[in-house]
1. Report the normalised scattering of region 180-246 as log10 I(q)/I(0) at q = 0.15, 0.22, 0.27 Å⁻¹, calculated by the Debye formula with identical scatterers on the alpha carbons.
2. Does region 295-373 come out rounded, prolate or oblate, given a ≥ b ≥ c as the square roots of the eigenvalues of its C-alpha gyration tensor, rounded meaning a/c under 1.5 and, failing that, prolate meaning a/b above b/c?
3. Counting alpha carbon pairs within less than 8 Å and at least 6 residues apart, what relative contact order, in whole percent, applies to region 15-129?
4. Counting other beta carbons within 10 Å of each Cβ, put K128, K169 in order, fewest first.
5. Tell me, what ³J(HN,Hα) does each residue in region 264-279 have, in order and in whole Hz, if you take phi through Karplus 6.51 cos²θ - 1.76 cosθ + 1.60 with θ = phi - 60° and put x for Gly and Pro?
6. Return the sequence-ordered ³J(HN,Hα) values of region 210-221 in whole Hz as given by the Karplus equation 6.51 cos²θ - 1.76 cosθ + 1.60 applied to θ = phi - 60°, using x for Gly and Pro.
7. Where does the chain land at 222 nm, in deg cm²/dmol rounded to the nearest 500, when only DSSP H runs of n ≥ 4 count, each adding -39500 (n - 2.57), divided by all residues?
8. Output the relative contact order of the chain, whole-number percent, from Cα pairs under 8 angstrom with separation of 6+ residues.
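The numbers here are math on the coordinates, done by the rules we state, and not lab data. A quick note: this is a predicted structure, and the numbers were derived from the prediction, not measured. Cβ sites come from the backbone with ideal geometry, for glycine too, and all protein chains shown count toward neighbours.
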Amino acid sequence: MSENILIRGASVEGGAARDILISGTTIVDVGERVDATGARVIEAEGLIALPGLVDLHTHLREPGYEASETILTGTQAAAAGGFTAVFAMPNTSPVADTAGVVEQELALGLAAGYATVQPIGAVTVGQKGERLAELGAMAHSRANVRVFSDDGFCVWDPLIMRRALEYVKSFGGVVAQHAQDPRLTEGAQMNEGSVSAELGLTGWPAMAEESIIARDVLLAEHVGSRLHVCHLSTAGSVDIIRWAKARGINVTAEVTPHHLLLTDELVRGYDARYKVNPPLRREEDVLAVRAGLADGTIDIVATDHAPHPAEAKSCEWHAAANGMVGLESAVHVVQRVMVDSGMLSWADVARVMSRTPARIGGLTGHGTPISAGSPAEITLYDPSGSRVFGTRDLQGRSLNSPYLGTELPGRVVTTIHDGYLTVDDGNLVDADTAAAHASRVAIARIQASGGRACVVSLR
């Protein structure tokens, strides 16, 4: 199926150096001097071995918006960034609000072979906020959907949000809310504050996010269900989540790399690469979300990878689309902001960028310890040195990164998914090779199950 691989001398989650032996799709040994005659050896002295990174919040755009991204190109970007699994938001065309669409996304991800693609189902039909989508059908489909979101839109109706929380509770699902009061953000172009006042741009007040989070944590408490807050961005939101957790409410939250680093001061240049939803906030908010991530109030880092074609960003600010690509840059930003500052360790990075997002999303086979018997999902990362991030670092279809021209530390050296390399010595493995590896793994699993494995057709 795949060649045996011996990773020699990697620092496991920033700790002691260990050899890691992979056979097929499984880690079979971790130790100080592992013998693996005939295995391919990857010399990893000075490299950090992390469980393959997991992103709970991406927009892969397929089906319907392939000019921006496809599942193939999106997972290539993921692999280049050290990710072995990504969750795909449902704002596609058609919207991923039926079992058929989420199964199509699953099949395309399996065929591409760069990363596990776990579809997220829409909460409401067409993401219109009027009636619940086929939550149960998606949950019991081959895609095994456990996360539901109308991301891009807020589930603004409290009764519909309550019913969604009640419904997903029956099969252990979670509602991931885009917290944005639509009435308080009509025509909003950036964060409401001194910068928006100076520029004369309609502002997005922090309370438009905070009021929805406050409402939803109370709904989750009342129903006894799970709530996940997408791309939290304000100091007040951090306080609400901290209060909710102290109260025992089953809520989790994510922060994006760009909200950990960038501020609304960047809007002064009217560069639409910095236009995003929720908007870049004040320095005080950036410091607050960093502290929230460091103390565990915020559970995970998720990219909100949102590709757009050039014409959607190369225009005047009011007409530009919201969103930034972030898969290829995420771990580098986290290192710069959180690790190099001493706020997080590499073991913490494994927690917030692998183990916890996999747990929140109910994704098996990912976020597991680097130990014998675990699935072979591994990222080898070199934290030394830095480089100016440029378009050469982007492997997806779109170039709307806010970090172009920014010096970022570290380098993804190797990404291993399902026991085979998707990134080899910093270079993305070609599409035919990745697809061939994925096909062999799928066939081997069918054979191992005696033909009983349920698989989705590969294109």
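1. So the normalised log intensities work out to -0.52, -0.91, -1.16.
2. On the way: a/c = 2.77, a/b = 1.86, b/c = 1.49.
Taking the square roots of the gyration eigenvalues as a ≥ b ≥ c, region 295-373 is prolate.
3. Working: 174 pairs, mean separation 24.0, N = 115.
For region 15-129, the relative contact order is 21 percent.
4. Working: K128 13, K169 17.
With the fewest neighbours first, K128, K169 line up as K128, K169.
5. Per residue, the Karplus-derived 3J(HN,Hα) values read 5, 4, 5, 5, 4, x, 6, 7, 5, 4, 9, 8, 8, 10, x, x Hz.
6. Result, ordered by residue: 5, 5, 5, 4, 4, 4, 6, 5, 5, 5, 4, 5 Hz.
7. On the way: 13 runs with 126 residues, N = 459.
Value at 222 nm, helices only, nearest 500: -8000 deg cm²/dmol.
8. Working: 1124 pairs, mean separation 93.0, N = 459.
Once divided by the residue count of the chain, the mean separation gives 20 percent.
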